[in-house]
Every structure is written in structure tokens, then in C-alpha cells.
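The values are calculated or read from the model by the stated rules, or taken from the named source; none is laboratory data. Computed from a prediction, not measured in an experiment: that's the story for all the values here. Cβ placement follows ideal geometry from the backbone for every residue including glycine, while neighbour counts extend to all protein chains displayed. Ligands, DNA and RNA are excluded from the accessible area calculation, which covers all protein heavy atoms including side chains. Shrake-Rupley method; radii C 1.70, N 1.55, O 1.52, S 1.80 Å.
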Amino acid sequence: QVQLVESGGGLVQAGGSLRLSCAASGSITSNNEMGWYRQPPGKQRELVASITSVSSGGRSINYVDAVKGRFTISRDNAKNTVYLQMNTLKVEDTAVYYCKLRNGWPRFDNYWGQGTQVTVSS
């Protein structure tokens with residue numbers, strides 16, 4: 001089992017910044033991918049950004065087009081923690097943000113955090 005604890009959400013004005021953190025603990029494989037997803041009100045959950053561990057043969061980072069140039073994902077492998085720095089926030093970034101960990105070999109299982117609310121006001 002893996003536990004994910006998120007923090008850093010809140011209320012911010014448009015144009016402001018927030019930093020989300022997600023600390024993972026438990027049965028984590030050396031090869032894994034961590035990512036942030038979001039679910040706006042009344043909409044489906046979508047990928048925001050993901051990052052693989054260095055041991056996965058080179059770190060891979062992906063962003064959804066809507067956040068490129070504004071959000072930065074990073075991780076501290078020693079702490080099993082992933083971060084999402086969100087700058088120039090827009091009203092449409094309002095959502096519940098979820099952290100996800102996908103284990104690699106030999107587990108290949110997925111875990112989700114409880115979610116943290118990000119509200120951007122105009």
C-alpha cells in the first residue's frame with residue numbers, strides 16, 4: 001500500500017501563485033511516475049503534469065497544453081515528494097487537484113491522494 005498526502009491548496013487571485021506538495025510513503029518501487037491531475041466542477045478529471053523517477057531510464061516530464069509555461073512539476077526522490085509550482089493562475093485553473101503515483105515493475109499499481117482544492121478568483 002502507498003499513502004499520498006497533499007498540501008498547498010487554497011484561494012488565490014488570478015495572476016497569483018501556489019505550490020502544491022505530495023508526499024508518498026509505503027510500498028514504492030524505484031521506477032515510478034508521479035503526477036498531478038485536476039477535476040474542475042462538473043467536469044472529468046484530467047492530467048495536469050507528470051514526472052518519472054530518474055531510475056526509469058531518464059526523467060520524463062509531461063504537461064497538458066493549458067498549463068505549459070505557467071506550471072512546473074518537480075520531485076525529490078529522496079523524500080518521495082512531488083511538487084507543482086503554479087504561476088500566473090487563471091480562473092479556469094480552479095479545481096480539486098489530485099496527486100497520483102504509478103508504481104513500476106514489479107507492482108504496476110496506482111494510488112491517489114485525497115485531493116486539495118485550488119480556487120482562483122477574478
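For a straight C-alpha distance cut-off of 18 angstrom, the lysines reachable from residue 68 (same-chain residues fewer than eight places away being disregarded) are 90. Computed from point charges on the beta carbon alone (+1 for Lys and Arg, -1 for Asp and Glu), the dipole magnitude for the chain about its Cα centre is near 80 Debye. Mean sequence separation of contacting Cα pairs (under 8 Å, at least six apart), scaled by the length of the chain, corresponds to a relative contact order of 35 percent. Of the residues 9, 84, 69, the one whose Cα sits farthest toward the positive end of the charge dipole of segment 1-89, with +1 on the Cβ of Lys and Arg and -1 on the Cβ of Asp and Glu, is 69.
The listed residues 65, 93, once ranked by accessible area (1.4 Å probe) with the largest placed first, stand as 65, 93. Peptides 22-34, 100-112 ordered by packing proxy, namely the average of other Cβ atoms within 10 Å per residue, highest first: 22-34, 100-112.
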